[in-house]
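The values are calculated or read from the model by the stated rules, or taken from the named source; none is laboratory data. In this text the structure is predicted, and so the values were computed from the model without any measurement. Here the Cβ positions follow ideal geometry from the backbone for every residue, glycine too, while neighbour counts run over all protein chains shown.
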Amino acid sequence: MCGIVGYIGNKNCVPILINGLKRLEYRGYDSAGIGILQDQKSLVIKNKGKVTLLEERIQNLNLISNVGIAHTRWATHGIPNELNAHPHSNHDGTLFIIHNGIIENFLVLKKNLLNQGYRFNSETDSEVLVHLIDSFIKEGNDLTKSVQLALNEVAGTYGLAVIYSGEPDKIVAARKGSPLVVGLGENENFIASDVSAILSHTKQVVYLEDGEVAVITKNSFNAKTIYNKEIEKEVHEITLTLEEIDKGGYPHFMLKEIMEQPETVRNSLRGRIVLDEGTSKLGGLIDVIDRLINAKRIIITACGTSWHAGLVGEYMIEQFCRIPTEVEYASEFRYRNPIVNKEDAILFISQSGETADTLAALQEAKMKGALVLGICNVVGSSIARETNSGVYTHAGPEIGVASTKAFTSQLVVLALISLLIARRKNMSLVDGKALAEEILAIPDKIESILKLNDKIEQIAEEFKNAKNFLYLGRGYNFPVALEGALKLKEISYIHAEGYPAAEMKHGPIALIDENMPAIFIAPKDSTYEKIISNIQEVKARGGRIIAIANEDDNEIDKLVDFSIKIPQTIRMLMPILTVIPLQLLAYHIAVKKGLNVDQPRNLAKSVTVE
Ligand code: G6P
């Protein structure tokens, strides 16, 4: 998730690009850069940090140009620093590119380019693109043809824009899997990764589709495929306001983030499943995999929602990898002088990568000599940098304070790690393939659950005035009960508790009456019969029940007041599906109560204090 903006026309592009970047900063904000053509010469300025830093740097440079491209980065390959920031240039600085997405075969392409004598300045996958295009220009092709030829060799996703001082009258852009839109003005045209960057200049836009290449000059626009087939594009008129657009047309970031989970889970999986071998490929674990497989014990440490992901991880790792696993709050771990030794592997899960307690626990574990690994969303964050190795979740920036898409991506990464270890230990190829296929099917299943949004909203209407809620689940779905209760607490301020369903009879059952709704997570797995007994116990005491159950479960409707039906998957992956209705339920209850769901009272997105 990075931001792209480009301009060609009669005006000075510099303020237009900087303002465009500011509008895109929510997509990524760890570094920013601008590339312009000035008097036939190209100039690239970039830095780590926010767009305002870039703006300060160029303020006194008196840059004036009619064509330029700019980028705000959310790192995937390579930490946020000046070298890894975009634009990336060819050796003589005549050609530069900004790129959004992931080039999956960049290592192969890089090797070929290194053999041809190209040198690389950054650790990014994106830099291969500029040298690859350059190599086709050197063979005598024009810019457009060179971009097309390069993209024929690329596997992965891209939204990109390129400028070449040899053809200063145009910007060439292309898209596959990463959004790109062309804005059409009077004697000026624009390119952007989303319309919010250009909406103050034009409302006439053309959306590029996968495999399309656009060539824009100040007076013209045309599109071809990467195979050079001409295509007719439709011009759309934008009617949304800027604020609506930032949130992707959704009223809140939280809803947007819930709704984009099919895509964010796909991003977490991209390039990481090796189906033929029934395993996963996690570049960030290559150097430590033997130590991890041979670990005598795994400890997972985190806070909040990430701690809930850790609990699911414990079930996964113990079931598939047969390595004893413990989960501990980072705040507890850091203060109680835990027993840690060199044969332990300790996983630190954190969306932000900056949570103070998790970071301090990491330093403690490191000092005691354990193998420390990170599962972080924000690339280059403190926890990502301080761990020996790890796996990024690639869920994109999460803005809503209540974590949603980061959680499902953490679960996906934990499943990938479990698969990797299990296959290196005693899981068969056949079982590995079956598991890999189930993982790959998850995004489509999430999509089908999201279609239940209206129904869940009706259930929220029914329960919005409840003062307390009980969330109950067993096995893999016990942590989901905790997470569902946390979501409700965080944004609706309703008291909610999560329990393992069987524990209900040891206390919480005393609370049950007609005013205490109970949510049962009851997919058909080995604990199903037992959970049905727990449902009966609540029913007998007049409690109102919402059940999250499987699509083919018609029997449960006879026992419960409301049911939300979700597709089947294997037990280990069920939490990725069962949590979605709970996120939506919490969201709708909070909205109906008129609360600020994106910024709930007293909470912070990233808690960098103890
Ligand atoms: C805060 C946030 C939670 C989050 C927790 C851990 O409390 O409000 O949503 O789960 O921190 O954050 P991390 O970035 O480490 O996952």
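Side notes on the structure shown:
- Selection of segment 290-316 for residues being in a loop (DSSP other than H, G, I, E, B) and either within 16 Å of the ligand (Cβ to nearest atom) or not assigned by TED's automatic domain parsing to the domain that holds residue 358 (or both) yields only 303.
- Flag if residue 267 is touching a His at 6+ places or on another chain (Cβ under 7 Å) and surrounded by 18 or more Cβ atoms within 10 Å (Cβ to Cβ): yes
- Total residues in segment 8-65 satisfying the condition of being outside any helix (DSSP H, G or I), basic (Lys, Arg) and in contact with a helix residue (DSSP H, G or I) (Cβ under 9 Å, 6 or more places away or on another chain): the figure is 2.
- Given (1) modelled with pLDDT under 90; (2) in contact with a strand residue (DSSP E or B) (Cβ under 7 Å, 6 or more places away or on another chain), index of the condition residue 358 fails: (1)
- Helices (runs of 4 or more DSSP H) contained entirely in segment 75-163, each with at least 2 residues that are loosely packed, with under 15 Cβ neighbours inside 10 Å and at pLDDT 95 or above: 106-115
- Top-ranked residue in segment 490-508 [being among the hydrophobic types (A, V, I, L, M, F, W, C) and more than 16 Å from the ligand (Cβ to nearest atom); ranked as farthest from residue 591 (Cα to Cα)]: 502
- Residue in segment 494-505 that is touching a Gly at 6+ places or on another chain (Cβ under 7 Å), surrounded by 15 or more Cβ atoms within 10 Å (Cβ to Cβ) and part of a helix (DSSP H, G or I) present: yes
- Exactly one residue out of 411, 429, 416, 440 is under 23 Å from residue 396 (Cβ atoms), in contact (Cβ under 8 Å) with a residue 24 or more places away in the chain, surrounded by fewer than 15 Cβ atoms within 10 Å (Cβ to Cβ) and outside the structural domain of residue 592 (by TED's automatic domain parsing), and it is 440.
- Scanning segment 237-263 for residues that are at pLDDT below 90 and touching a Phe, Trp or Tyr at 6+ places or on another chain (Cβ under 9 Å) turns up 244, 246, 247.
- Condition check for residue 258: of a type outside the set (Ser, Thr, Tyr), not in a helix (DSSP H, G or I) and not assigned by TED's automatic domain parsing to the domain that holds residue 479: no
- Residue in segment 329-338 that is within 13 Å of the ligand (Cβ to nearest atom), farther than 20 Å from residue 388 by Cβ and hydrophobic (A, V, I, L, M, F, W, C) present: no
- In the condition set (1) in contact (Cβ under 8 Å) with a residue 60 or more places away in the chain; (2) over 28 Å from residue 254 (Cβ atoms); (3) small (Gly, Ala, Ser), residue 586 is compliant with all but (2).
- Out of 231, 198, 226, 238, one residue alone is surrounded by fewer than 21 Cβ atoms within 10 Å (Cβ to Cβ) and closer than 30 Å to residue 596 by Cβ. It is 238.
- Scanning segment 566-590 for residues that are within 16 Å of the ligand (Cβ to nearest atom) and out of contact with any Phe, Trp or Tyr (no Cβ under 7 Å at 6 or more places or on another chain) yields 582, 583, 586, 587, 590.
- Residue list for segment 26-48, restricted to those being modelled with pLDDT under 85, closer than 19 Å to residue 352 by Cα and of a type outside the set (Phe, Trp, Tyr): 27, 28, 30
- Being touching a strand residue (DSSP E or B) at 6+ places or on another chain (Cβ under 8 Å), farther than 26 Å from residue 66 by Cα and either in contact (Cβ under 8 Å) with a residue 24 or more places away in the chain or buried (at least 16 other Cβ atoms within 10 Å of the Cβ) (or both) is a property that residue 246 lacks.
- Residue within segment 591-606 that is away from the ligand (no atom under 16 Å from the Cβ), part of a helix (DSSP H, G or I) and not assigned by TED's automatic domain parsing to the domain that holds residue 314 present: yes
- Within segment 343-374, tally of residues that are within 11 Å of the ligand (Cβ to nearest atom) and free of Cβ contacts under 8 Å to residues at least 24 places away in the same chain: 0
- Test: residue in segment 534-545 that is touching a Lys or Arg at 6+ places or on another chain (Cβ under 8 Å), modelled with pLDDT of 95 or more, among the acidic types (Asp, Glu) and not assigned by TED's automatic domain parsing to the domain that holds residue 259: no
- Pairs, first assigned by TED's automatic domain parsing to the domain that holds residue 9 in segment 50-70, second assigned to a helix (DSSP H, G or I) and of a type in the set (Lys, Arg), C-beta under 7 Å, six or more apart: 51/22
- Where residue 212 falls short, out of the listed (1) over 27 Å from the mean Cα position of the chain (by Cα); (2) touching a residue at least 12 places away in the same chain (Cβ under 8 Å): (1)
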